[in-house]
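The values are calculated or read from the model by the stated rules, or taken from the named source; none is laboratory data. Note that the structure is a prediction, hence the values are computed from the model and not measured. So basically every Cβ, Gly included, is an ideal-geometry build from the backbone, and we count neighbours across all protein chains shown. Keep in mind that these areas ignore ligands, DNA and RNA; they rest on the heavy atoms of the full protein, side chains included. Shrake-Rupley method; radii C 1.70, N 1.55, O 1.52, S 1.80 Å.
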Amino acid sequence: ALGSVMTMPPSAGANVVGSDAQNFNPTTNGLDFVTVQSAEVLTPGIFNLGLFANYAVNSLPVQDDGEDQFKVTDSLLMIDMNVGLGLWHNWDVGLSYPRLLRQAIDTKDSRGQFEATGNTEIRLNTKYRFLNYSSWGAALVLSVNVNRIENNPYVGEDAGPTINTELAFSGQAYDYAWGFNVGY
């Protein structure tokens, strides 16, 4: 399992994309949008594979020293491997496997950092479309994020899974597609 090291007081937080160690969460079905759930679901029997790379700077927790807050003090290179499958009419499931490939850290600052590269979490989801009109629709999305980071400053030690419920609305207006998610 991947671990992290904190050199400052820990803080707690919650985020629908998981344990806050990663704030990029591509959808597993690959339909309509990259990070916003749409009301669309995969057709039964359709299998989707996705691979996304993301690069983030200044995303690790750092003690504020009052200096220039715009300088780059850390960077992370991660990938997300995603799988989606249409199960039945209006229902699909998915799995995300994000992985830290590389981190670069300016060690002058007191900060949190990963002990090693590797898998950060496993995200499972299922989506059921319950409204399907000609120009818009709505779906219920349930997801579970299983933290794989030991000593994670965002969820604490021995934290259980993060469970998320969302309503996804999407549609088409003229030549534009729109999507809106609300969740807890």
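Quick one: which residues, 5 or more positions from residue 121 or on another chain, have an amide H under 5 Å from its amide H? H modelled 1.01 Å from N in the peptide plane, none for Pro or chain starts.
Close amide H contacts, sequence-distant or interchain: 148.
Could you please state how large a percent of the accessible area of the range 118-184 is carbon and sulfur, counting protein chains only and using a 1.4 Å probe?
That fraction is 59 percent.
With θ taken as phi - 60° and the coefficients 6.51, -1.76 and 1.60, list the Karplus ³J(HN,Hα) couplings across the range 86-101 in order, rounded to whole Hz; mark glycine and proline as x.
Karplus values, whole Hz, x for Gly and Pro: x, 8, 9, 4, 6, 9, 9, 9, x, 9, 10, 10, x, 9, 7, 9.
How long is the gain from residue 102 to residue 57 if the chain were fully straight, where each residue apart is worth 0.36 nm and the alpha carbon distance is subtracted?
Net length gain for the segment: 15.0 nm.
For a quick check of understanding: with a 1.4 angstrom probe and all protein chains in place, what accessible area in square angstrom does residue 52 have, to the nearest ten?
60 Å²
So what's the net charge close to residue 137: Lys and Arg +1, Asp and Glu -1, counting the other residues with Cβ under 15 Å from its Cβ?
Combined, the nearby Lys, Arg, Asp and Glu give -2.
Give me a comma-separated list of calculated 3J(HN,Hα) values for the range 40-52, in order, Karplus coefficients 6.51, -1.76, 1.60 applied at θ = phi - 60°, integers in Hz, x for any Gly or Pro.
Result, ordered by residue: 6, 10, 5, 5, x, x, 7, 10, 10, 10, x, 9, 10 Hz.
In nanometres, what is the gap between the two model label sites at residue 113 and residue 88, each 7 Å from Cα along Cα-to-Cβ?
5.1 nm
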